[in-house]
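Scroll down for the structure; my scribbles are underneath it.
The values are calculated or read from the model by the stated rules, or taken from the named source; none is laboratory data. It should be emphasised that the depicted structure is a prediction, and the values quoted were computed from it without experimental measurement. Backbone-built Cβ (ideal geometry, glycine too); neighbour counts: all protein chains shown. With ligands, DNA and RNA removed, areas are computed over all heavy atoms of the protein, side chains included. Shrake-Rupley method; radii C 1.70, N 1.55, O 1.52, S 1.80 Å.
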Amino acid sequence: MSIKCQNVMNIIEKLAPKILAEDWDNVGLQVGDPRADIEKILICLDLTEEVLKEAIQEKANMIITHHPFIFKPLKNIRMDLSSGNIIKQLIKKEINLYTAHTNLDIAENGLNDMLAEKLSLKYIETLFPIRQEKLFKIVVFVPKGYEDKIRDAMGKQGAGWIGNYSNCTFQTLGTGTFKPLNGTNPFIGSMGKIEKVEEVRIETIVTQKNIFKTLNAIIKVHPYEEVAYDIYPLENQGKKYGLGRIGEYEQFISYEEFLSILKSTLKIKHLRIAGVRKEFIKKVALCTGSGAEYMNRAAMLGADIFITGDLKYHEAQQAKNLNMTVIDAGHFATESIVMEGLKKYLDKEFIGMKKNIDIIVSKVNRDFIQWE
């Protein structure tokens, strides 16, 4: 059984829309063909020669990475160098390469949420908001009797969501007028004659990412040859997206117990610790990968402890001044959980589509930094 590469991309981007990615990032299909049939997927954090060899041995024809393999514009592709040889092998073996990076870091239920949930934190919120979802109102006019079909089509595409309520719309009855001209095939009326039709105006709220698929769904089920609709930008406050998460435990836990939980969760034996040790921990902030720049924000929000990777010397000094414990659990360790998390998500989506697609997590993708 197989699935089109484009369909896999759509499923990933439903979780982590590309619009969420930072401007400097490079996400999406990096090598391959959206029309390709995908039978087996390998998920990794970094694409290396060892990981590529693993994918070839496993007969995977799609690799999903978290870190972009092609990050900056290529000036050359040299087969005598590792990067050039990897690109050559990807093309030769017809292996599609896809990356979900900062869009997956930022996304709701993405990488940062995966870690927060693994640590069993409650009341999880975004640590550092960097953008807010844009909202629009979409209005469509439909002949009376077709409003339920249009409303259902809109709702299935995510339009009409307000908080924990779905399919939220408002409708008013009115009279629509139009005159079919030469070359038309009107659903109602005759060419050259002005028609007056009892119509329903249906309006609802829609996020920016769902506008076009909602419009496509409307047009697909709408009885008219030409669909009349309006789109209005709104000033309503949309959902906030950003890096890092902050949450807390229901009760205080000891410092030693928290370290044990963290090591067990990330499957590591060592941690780099800076700042002031707190005897008890309740409020926890985190940012997977490299996120030391957000420790001030974590301290301002009252975090007892902040978890990230790639902590530098002077950042460690800053942690002490903030009277907060900062833990460097490693870039790889804080992000490698994305492999199992993404596999779990894709497995669930494929089951819902009744697609039996084999997904494996790389066994050779290792931390580039080793502790002795």
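Quick notes
- Above 19 Å, the calculated P(r) of the stretch 275-372 contains 53 percent of its Cα-Cα pairs.
- Shape analysis of the stretch 157-231 based on the Cα gyration tensor places the equivalent ellipsoid semi-axes at 29, 14, 8 Å, largest first.
- Förster-model FRET efficiency, 25 Å R0, LYS220 and VAL139, C-beta, rounded to 0.05: 0.90
- Residue order by solvent-accessible surface for LEU271, LEU42 is LEU271, LEU42, largest first, with ligands and nucleic acids left out and a 1.4 Å probe.
- Counting Lys and Arg as +1 and Asp and Glu as -1 over every other residue whose Cβ lies under 12 Å from the Cβ of GLY160, the net charge comes to +1.
- Counting only protein heavy atoms and using a 1.4 Å probe, the accessible area of THR175 comes to about 110 Å².
- Taking the accessible area of the stretch 208-317, probe 1.4 Å, and keeping the other protein chains in place, the carbon and sulfur fraction comes to 50%.
- Positive contributions from Lys and Arg (+1) and negative ones from Asp and Glu (-1), summed over other residues with Cβ under 10 Å from the Cβ of VAL139, come out at 0.
- Length gained when the stretch LYS282-ASP347 is fully extended (0.36 nm per residue, less Cα-Cα span): 20.0 nm
- Residue pairs, from the table LYS18/LYS209; LYS343/LYS363; LYS156/LYS220; LYS149/LYS220; LYS213/LYS240, whose Cα atoms sit over 18 Å apart: LYS213/LYS240
- Helical content alone sets the calculated 222 nm signal of the chain at -9000 deg cm²/dmol, taking -39,500 (n - 2.57) per DSSP H segment of four or more residues and averaging over every residue.
- Gyration tensor (Cα) of the chain, equivalent ellipsoid semi-axes in angstrom: 46, 29, 17
- Residues whose placed amide H lies under 5 Å from that of ALA228, excluding near-sequence neighbours: PHE141
- Computed FRET value (nearest 0.05) for ASP148 with LYS93, which takes r as the C-beta separation and R₀ as 41 Å: 0.25
- Estimated distance in nm for a label pair at LYS179 and GLU198, the labels positioned 7 Å out from Cα along Cα-to-Cβ: 2.5
- Here each label is just a point 7 Å from Cα along the line to Cβ, and for ASN167 and GLN370 those points are 5.9 nm apart.
- Descending semi-axes in whole angstrom, ellipsoid equivalent of the stretch 74-166, from the Cα gyration tensor: 41, 25, 13
- Among the listed pairs LYS144/LYS193; LYS14/LYS348; LYS4/LYS137, those beyond 22 Å (Cα-Cα): LYS4/LYS137
- Each other residue within a Cβ distance under 13 Å of LYS354 adds +1 if Lys or Arg and -1 if Asp or Glu, for a net charge of 0.
- Highest mean packing first, where packing is the average number of other Cβ atoms within 10 Å per residue, the peptides 252-262, 110-120 line up as 110-120, 252-262.
- Label-point separation, ASN26 to LEU301 (7 Å along Cα→Cβ), nm: 3.1
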